[in-house]
Amino acid sequence: MRQLIERGDHKAAVEQAKDIHRASRSGASEALLVDAYAARIEELRRRNLTLEAQALVDLVCKRYPSAKRRFAELPRAAQGRAPSLVDLVRPLADPMVDADKRLAIEQALQREVTDLSALASCETLPAAHPLRQAAAALDRAFTAVTSGPVAEEALLLPEVSHRSPLAAWKLLIKAIAAFHRGDDDACQQFLDRIKPDSAPARLVPPLQAMMRNQGTGCHPAAKALISVITSERAAFQRALDDLEQAFTSGRRSRILKAIRAAVQACEQSAPAQLESLRQHISIRAAAADLDPMKVRAAMGGPSRHDATFLQLFARAMEEARDPEKISLACHLWEEFKQAAVKEGWFAVNGAEAAALALRIAGLLQQLPDDLLQELQWSAEAKAKKTGETFSYLYPEQMYQRACALDPHPAAFSQWMQWAARRSDAQAERVAEAWHKLRSRDIEPLVHLLRATEARGAFKLALGYLTKTEQIDGLHAEVRDARFRILVKSALRHLERKKPHLAADDVGAGAALPQAQQGDRPAIVAALRTVTSAACGQTDAVDVARAEVEHALQSEGAAALLIFSLASASKQRAVQQRWPLGRPARRERSSMPMAVARVAVLCADVGVPLEVPRAWLTEVARQLTESQHLLDVVQLHVLGEAACQADHLELAYAASAAGLERGGATDPGFLFLRARSVILPEPDRCLVCASAAAELARHARETELVENAVELCRTLAGFDGALPLTLDQARDVLGREKAARKPPRGSHSGPSYDDLLGAPCQCAVCRRRRGEGVDPFEELDEEDDPFDMDIPPGMPPAIAEIFIEVAKEAAARGQSLEEFMADPLNEPPRPKRRRKKGRRW
């Protein structure tokens, strides 16, 4: 190594010294390495590369503390020549520059660069050099973030990596943006990542002081910066707070005055945000129904109605949750699309336009049908005169546009869900279009399978089933579909007097592996019983019926299953042969289990369950004692069967037994409880259904959410489910679990006045709650037969009699003048003919 130094090959000497020190890690090897660096530094000084020598000294002193004393005099010796940025970065133009030298220069740049524009325009580096590109991007971003609001996309700065010597500038720019957004937590996180020895670190204390609204302990220049920024920011913030309070108060004069003050403060402290402020004020004023001319005068001019304004306006109308404002939001989204395309936000036929079409279609679903139809009629009349198109008022056209622009499964799924609520045929057409464009998607095939099966096209359903099995043979809808379709096909053939074809279907179904699962052998045997009876095979009928009884271990369950299948296939002879009379006393205790097993079987194959009401009443009576024998599936199916038969007492008992089990089935049984109290307690039904929807939404049970919301809409109209929190829904669940007895007579269920709002104050509801009622309140204007005033000073007791007499007079067709002439007259009595009798 000494020989290399003497020959002037200092670079090779440094590399050899590094290898020696890496191998031994001793004090002697470190001293040898420092000697090699000293020779290298001395060479740089002789070549007048003072800046590079100083950078290398700093690097060596940082890595090897023993070198600090040796190089202590070098900085004073190098003070005679001030380094320049051009001289500093010149070696970086050479791609073969030494790694240590590059590292030393980058560390110097990290410490000393305060003028990004100078580095971006430094001609000693090529124009495409990464360092110049990074400096230019940072300079643009720094200018933008200190001048006004900046979009998040402008602060990504992919030109600056986290290893770049300018990485601290990137963190500083993001910290300033977060500071102006008011996100102090994010600002502090960016400041914490700035290296303390970097040039941007000098702005960390002022920014932290501004976040704390303090300026003490800072440099005078920093204090001046803090004073300017915080004073303007505080004044602007106070003006915005006053404006928010004015809008909350609703006083028009106060709002206009606050608008003027906020605009003036914005012009002084943040002129670049003035247009954005005007747009927000215009939207809030429109929502508050203020005079547009007065608002425009208070703002000092109109707001710019560009794509940003339309987007904000549309979202504000959405949040109003008012049908008329939601219809306005649809119109605004359509205008936003046109403005955004014109301003270059996205293409007219791109994925963004498809997303907007889906959004509009979703909003249209929230409108009542009569309002939407009225809007469409008005649009059609206007289109005939002006030739305009109002496609944004037609959900189907919006879905068609979305799926044509971006044929995504989610778009088709939303379209099909909407169509299913309109008609089965329309949903089937959507599924066919979906399957045509995306043949490997399983959802349209499953829907077509269900639809064709529901309308009895079993041959076509089996064709769709075959396609579905080729895509996913383990799908839940596929595994048992073939057995179910064959059962329905057999029943259809029996109904059409084709028992030989029904026998073929029964044989094909019995050969399936799914036919041997659970209680399904009983279904096969029951089908054979009905089919054999239709064919007149008496011996086969007795054998098959015995198989049903053996499979179900119950004569009552076998009779109920055969009766249901015979009813579904319209085999009255079979029903008359084994009628369902009053159950025997010995079988009454086992009736809940028997009916539940048959209900599960019928639900499994989609056959309606036919249960006499006397049986359901007996099941409700016996359920309390035998509910422990039933699982949650049997309880739920039993409750569904009770709801279909309008036996609400059994439905309530099944919901009580299911809620007692607890667990994941709580939302389903709570919805069953809602349906069981719909007639006696509609308000309780609304609360239970809303709570079930919220619990199901939390458990991601989509179908249950839709069913519960639909029931709420039936009860409450447009508003649908009550806006309950998860804690409120759980509280409702707890109250219903405690209410085990059904409402009957004076006994009612839990009260939910705290969730329903203020109770009704009409005379009927107040009397029902036991409150005092003035008799004058009972006669509303709509109910008054004569639209008359009660005579002043009339006692309440007399007034009540007066009202009743007036009602009776109106029912007889008496006019107001006739009644007032003699209010207490009686209707004329018909004259009786005197019978002629014998005189004695």
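The values are calculated or read from the model by the stated rules, or taken from the named source; none is laboratory data. It should be emphasised that the depicted structure is a prediction, and the values quoted were computed from it without experimental measurement. Ideal geometry is used to build each Cβ from the backbone, glycine not excepted, and the neighbour counts take in all protein chains shown. Areas reflect the complete protein model, heavy atoms only, side chains present, ligands, DNA and RNA absent. Shrake-Rupley method; radii C 1.70, N 1.55, O 1.52, S 1.80 Å.
Here are a few things to note about the model shown:
- Note, ³J(HN,Hα) from phi for region 432-438, Karplus 6.51, -1.76, 1.60, rounded to Hz, x at Gly and Pro: 5, 5, 4, 5, 5, 7, 10
- Comparing region 306-438 with the 2.2 N^0.38 Å rule of thumb, its C-alpha radius of gyration ratio is 1.06 (two decimals).
- Phi angles across region 507-520 convert, under the Karplus curve 6.51 cos²θ - 1.76 cosθ + 1.60 with θ = phi - 60°, into 3J(HN,Hα) values of x, 5, x, 5, 7, 6, x, 5, 6, 9, 8, x, 8, 5 Hz, Gly and Pro given as x.
- Å² per residue, accessible surface of region 419-578 at 1.4 Å: 49
- Members of Lys342/Lys385; Lys342/Lys436; Lys62/Lys195; Lys294/Lys382 lying beyond 23 Å, as alpha-carbon distances in this model show: Lys342/Lys385; Lys342/Lys436; Lys294/Lys382
- Per residue accessible area in Å² of region 608-650, where ligands, DNA and RNA are left out and the probe is 1.4 Å: 48
- Trp345 contributes an accessible area of around 110 Å² to the protein surface, as traced by a 1.4 Å probe with all chains present.
- Sparse packing (at most 14 other Cβ atoms within 10 Å of the Cβ) combined with a DSSP loop state is found for the following trypsin sites (Lys or Arg not before Pro) in region 624-722: Arg700.
- When its C-alpha radius of gyration is set against 2.2 N^0.38 Å (N residues), the chain gives a value of 1.49.
- The gain in end-to-end length when the Ser413 to Ala699 segment is fully stretched comes to 100.9 nm, 0.36 nm per residue minus the alpha carbon separation.
- Vicinal HN-Hα couplings computed from phi for region 701-710 (Karplus, 6.51 cos²θ - 1.76 cosθ + 1.60; Hz; Gly/Pro x): 9, 4, 4, 5, 4, 4, 5, 5, 5, 5
- The heavy atoms of His698 present about 120 square angstrom of accessible area, all protein chains included, probe 1.4 Å.
- Computed over region 394-477, relative contact order equals 19 percent, with contacts defined as Cα pairs under 8 Å that lie 6+ residues apart.
- Across the accessible surface of the chain, with the other protein chains kept in place and a 1.4 Å probe, carbon and sulfur atoms take up 51 percent.
- Ranked by solvent-accessible area (1.4 Å probe, protein heavy atoms only, all chains present), the residues Lys459, Lys18 order from largest to smallest as Lys459, Lys18.
- Here the relative contact order of the chain, from alpha carbon pairs under 8 Å that lie six or more residues apart, stands at 3 percent.
- Ordered by 1.4 Å accessible area with all protein chains kept, Tyr464, Tyr37 run largest first as Tyr464, Tyr37.
- Taken as Cα centroids, region 675-731 and region 241-311 sit 40 Å apart, rounded to the nearest whole angstrom.
- In terms of the mean number of neighbouring beta-carbon atoms within 10 Å, the peptides 124-135, 569-580 order highest first as 124-135, 569-580.
- Straight-line cross-link partners of Lys384 among the lysines, defined as a Cα under 16 Å from its Cα and at least 8 positions apart when in the same chain, are absent.
- Rounded to the nearest 10 square angstrom, Ile255 shows an accessible area of 0 square angstrom against a 1.4 Å probe.
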